[in-house]
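Below: the structure, in structure tokens.
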Amino acid sequence: MSPYKASKIIGDSPKSIGNWVNMFLKECFNRLKEPVKQGRPPRLSNIMYNIAEDLRRNPVEFGYSQNLWDGKLLSYHLKAIYGINLGTRQCQRVFRKLGFRLRKPRPEIAKGNSEDKRNF
């Protein structure tokens with residue numbers, strides 16, 4: 001198959017297809033492997049399951065005074081339990097990555113009939 005036909009099927013440029021073919025002809029499959037990624041390894045990848053389990057529990061169970069998790073509390077928790085420094089914003093991203101959503105407590109209306117509130 002020509003690089004042009006292959007590029008239409010794969011969705012990459014004919015030049016890239018030609019480069020892959022030439023690399024394969026020179027070095028077989030070894031050259032086609034994904035390169036080793038550079039950079040700092042993720043700090044949370046091996047403990048994400050533990051963090052998710054912690055977030056499913058009430059923060060009071062860990063001795064915190066809050067009833068709901070937020071970015072600041074998770075940041076503090078990660079430092080205290082796992083020794084990991086992570087900012088509030090990054091902790092908010094962890095919530096999303098683990099599938100948790102933001103919940104805000106609804107304040108109780110200050111002025112109102114307490115009997116009506118109980119009946120409601």
Exercise. Any idea how far apart residue 8 and residue 82 come out in nm if each label point goes 7 Å out from Cα toward Cβ?
Worked result: 4.9
Seminar exercise, completed: Between the modelled labels at residue 40 and residue 114 (7 Å from Cα along Cα→Cβ) the distance in nm is 5.3
Exercise. For the range 48-97, what value does the Rg/Rh ratio take when both radii are computed over Cα atoms and Rh is the Kirkwood radius, given to two decimals?
Worked result: 0.91
Seminar exercise, completed: Extension length gain for residue 22 and residue 47 (0.36 nm per residue less Cα distance), in nm, is 4.9 nm
Seminar exercise, completed: Once Lys and Arg are counted +1 and Asp and Glu -1 for all other residues with Cβ under 14 Å from that of residue 14, the total becomes +2
Exercise. What is the sum of charges around residue 68, taking Lys and Arg as +1, Asp and Glu as -1, for the other residues whose C-beta is under 9 Å from the C-beta of residue 68?
Worked result: +1
For this session: Only one of the values (i) 1.01; (ii) 0.91; (iii) 1.33 was calculated from this structure for Rg/Rh (Cα atoms, Kirkwood Rh); name its label.
Result: (iii)
For this session: Could you pull out the pairs from 5/97; 8/37; 79/117; 79/104; 37/97 whose alpha carbons sit more than 32 Å apart here?
Result: 5/97; 79/117
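Here, each number is a calculation from the coordinates, and none is a lab measurement. All values derive from a computational prediction rather than experimental measurement. Cβ: placed from backbone, ideal geometry, glycine included. Neighbour counts: every protein chain shown.
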